[in-house]
Amino acid sequence: MVILGTLVSGPAILSTFEFIYRGLHRLVGPYVTTLLCTGALGLAGYGLFLLKLKRLLIYANAEITFALTSCYVAVERSKEGFSTATVTVLAAATYLVVRGLDNRTKAIETRDERKAVPVPIR
């Protein structure tokens with residue numbers, strides 16, 4: 001269900017970002033637009049880092065979903081042939097799946113360790 005939601009919302013997010021980018025480009029020019037977009041993506045990355053620190057399982061699931069969605073979009077766009085960019089996206093997405101599964105395993109192990117700790121009785 002999460003993957004389906006991401007596949008449906010992915011193009012909406014992309015078109016919204018493109019709309020904002022083009023509007024900023026017209027308003028403030030290409031250089032300032034690049035700086036603003038870079039800053040916004042940096043803030044988004046920091047927010048995801050905080051999510052990873054606080055809720056590793058949610059982050060891991062999002063990481064896996066993003067990777068699988070990236071694979072789907074890359075394969076869909078390459079129906080006429082695979083380019084170097086497509087192969088790079090697929091390799092990066094494969095790596096993200098591995099990272100996501102590793103983070104998911106760590107989150108589950110940490111949760112199980114917390115449950116296994118006996119509470120002292122006084």
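What follows draws every value from the coordinates through simple rules; no lab data is involved. Please read these numbers as outputs of a predicted model, since none were measured by experiment. With ideal geometry, Cβ positions are generated from the backbone for all residues, glycine too; neighbour counts draw on all protein chains shown.
Answer yes or no as to whether T84 is hydroxyl-bearing (S, T, Y) and either in contact with a Pro (Cβ under 6 Å, 6 or more places away or on another chain) or surrounded by 11 or more Cβ atoms within 10 Å (Cβ to Cβ) (or both).
No: the conditions fail for T84.
Quick test for you: out of F49, F17, pick the one residue that is of a type outside the set (A, V, I, L, M), surrounded by 13 or more Cβ atoms within 10 Å (Cβ to Cβ) and in a helix (DSSP H, G or I). Even if it seems obvious, please write down each step before you answer.
Values: F49 fails: surrounded by 13 or more Cβ atoms within 10 Å (Cβ to Cβ).
Checking each option against the conditions leaves just F17.
Quick one: what pairs do we get from the stretch 77-98, first residue polar (S, T, N, Q), second assigned to a helix (DSSP H, G or I), C-beta under 6 Å, 6+ apart or different chains?
S78/T86; T86/A74
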